[in-house]
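Colleague: Okay, handing you the structure first.
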Amino acid sequence: MTTRAAELVATAASAADFPRAGLPEIAFLGRSNAGKSSLLNRLAGRRELARVSATPGKTRLIHFYEVARGARRLLLVDLPGYGWARVSKAERARWRKLVEGYLDGRAALRGAVLLLDLRRDISADERDLLAWLAERGVPALVALTKCDKLAPMRRAERARALAAAFELARERVIATSAQTKLGIDELWKAIAALAG
Ligand code: GDP
C-alpha cells in the first residue's frame, strides 16, 4: 500500500500552538540521533518531510505531520529529541514542559513510538519514559532503528533482549531500517492498530 499524502500541519513551541485535536495522533520520541527524522520520512514516503540533521538536538519544537495511507489518515507527531549531554538544566526543563504538556492529556493521542538505535543499551531516560507512558495509559511501541547495521540473527537477539528489558510484549518491539525499509510496513500496521 502506498502513502499518498504527507503534510506539515503545525509546528509548536508551546501548548498554545498545538493544533485543534481531530485525527488520531501517534507520537514519536527518541534521543537525538536515534534516526527519528529518517524513519518519519520513510513512514511518510517522503524524502524531506522531517529534516535529517548532522548536528542533532538543536530544535525544541513539536511537528505535526498529516499522513494518509489507503483510507486511513492520521497525524505523526514528531517530538523533540532528548539526550542531555550538552544541554543546560533550563533547556531540559523546557523540553519536559513541552513534551509532557503534549503527552499528558492530549485527547487525540492514541499511542507513542519510542525509537532506539538497536546497537545502544537502554538508558534510565528511556525506561522512565516508558513507565511514564504506561502510568498514563498511553500504549507504546519500540522501533529499533538502523537495523541494517547488524546481521539478522543479532537483530532478532537484540529485539528479544530489549523487549524483555522493557517488559514489553515481543510484538511491540519492531526492528526497522530507514535505509533498507526493513520493518516499515510492520511498523505502519502496528501504528494503524493503535490509531484504531
Ligand atoms: P534524529 O536525530 O533522531 O532525527 O536522527 P536522523 O534521522 O537525523 O539520523 C541520525 C543519523 O543516523 C544520520 O546520520 C542518519 O543518516 C543515520 N541513520 C538514520 N537511519 C538510519 C538507518 O536506518 N540506517 C543507517 N545505517 N543509518 C541511519
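The values are calculated or read from the model by the stated rules, or taken from the named source; none is laboratory data. Keep in mind that what you see is a predicted model, and the values were worked out from it rather than measured. Neighbour counts are summed over all protein chains in view; Cβ atoms, including those assigned to glycine, are modelled from backbone coordinates with ideal geometry.
Colleague: May I ask you to say which residue of LEU98, LEU79, LEU40 is at pLDDT 90 or above, within 16 Å of the ligand (Cβ to nearest atom) and closer than 17 Å to LEU133 by Cα? First the steps, then the outcome.
Modeller: Numbers: LEU98 fails: within 16 Å of the ligand (Cβ to nearest atom); LEU40 fails: closer than 17 Å to LEU133 by Cα.
The conditions single out LEU79.
Colleague: Can you tell me which of LEU129, LEU168 is part of a loop (DSSP other than H, G, I, E, B), surrounded by 12 or more Cβ atoms within 10 Å (Cβ to Cβ) and out of contact with any strand residue (DSSP E or B) (no Cβ under 6 Å at 6 or more places or on another chain)? Can you show your working first?
Modeller: Values: LEU129 fails: part of a loop (DSSP other than H, G, I, E, B).
Answer to the check: LEU168.
Colleague: Further, regarding this structure: Only one of (1) of a type outside the set (Gly, Ala, Ser); (2) under 21 Å from GLU25 (Cβ atoms); (3) in contact with a strand residue (DSSP E or B) (Cβ under 7 Å, 6 or more places away or on another chain) is not met by VAL99, so which one is it?
Modeller: Among (1) of a type outside the set (Gly, Ala, Ser); (2) under 21 Å from GLU25 (Cβ atoms); (3) in contact with a strand residue (DSSP E or B) (Cβ under 7 Å, 6 or more places away or on another chain), VAL99 violates only (3).
Colleague: Do we find that ASP104 is crowded, with 21+ Cβ neighbours inside 10 Å and charged (D, E, K, R) in this structure? Show your work before the answer.
Modeller: Numbers: crowded, with 21+ Cβ neighbours inside 10 Å: no; charged (D, E, K, R): yes.
Taking the combined requirement at face value, the residue does not satisfy it.
Colleague: Residues of the range 148-162 being basic (Lys, Arg) and within 16 Å of the ligand (Cβ to nearest atom), which ones? Quick ask: steps written out before the conclusion?
Modeller: Start the filter on the range 148-162 by keeping residues that are basic (Lys, Arg), which leaves 149, 154-155, 158, 160.
Once the filter is applied, which keeps residues that are basic (Lys, Arg) and within 16 Å of the ligand (Cβ to nearest atom), the range 148-162 yields LYS149, ARG154, ARG155, ARG158.
Colleague: Consider only pairs whose beta carbons are under 6 Å apart and that are at least six residues apart or on different chains; among these, list those whose first residue lies in the range 22-42 and is hydroxyl-bearing (Ser, Thr, Tyr) and whose second residue is more than 6 Å from the ligand (Cβ to nearest atom).
Modeller: Partner pairs satisfying both residue conditions: SER32/GLY57; SER32/GLY83; SER37/ALA50; SER37/ARG51.
Colleague: Can you tell me which residues in the range 12-34 are surrounded by fewer than 24 Cβ atoms within 10 Å (Cβ to Cβ) and within 13 Å of the ligand (Cβ to nearest atom)?
Modeller: ARG31, SER32, ASN33
Listed here are the residues, each with its yes/no results for (1) in a loop (DSSP other than H, G, I, E, B); (2) closer than 25 Å to ARG73 by Cα.
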position	(1), (2)
LEU133	no, yes
VAL138	yes, yes
GLU157	no, no
ARG160	no, no
ALA163	no, no
GLN179	yes, yes
ASP185	no, yes
LYS189	no, yes
ALA192	no, yes
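Colleague: Can you tell me which residue is nearest to the ligand (Cβ to nearest atom) among those in the range 116-147 that are of a type in the set (D, E, K, R) and under 16 Å from the mean Cα position of the chain (by Cα)?
Modeller: Keep residues of the range 116-147 that are of a type in the set (D, E, K, R), which gives 117, 119-121, 125-128, 135-136, 146.
Okay, now just the ones that are also under 16 Å from the mean Cα position of the chain (by Cα), so 117, 125-128, 146.
Working: ASP117: 8, ASP125: 14, GLU126: 13, ARG127: 19, ASP128: 19, LYS146: 4 Å.
Of everything passing the filter in the range 116-147, LYS146 is nearest to the ligand (Cβ to nearest atom).
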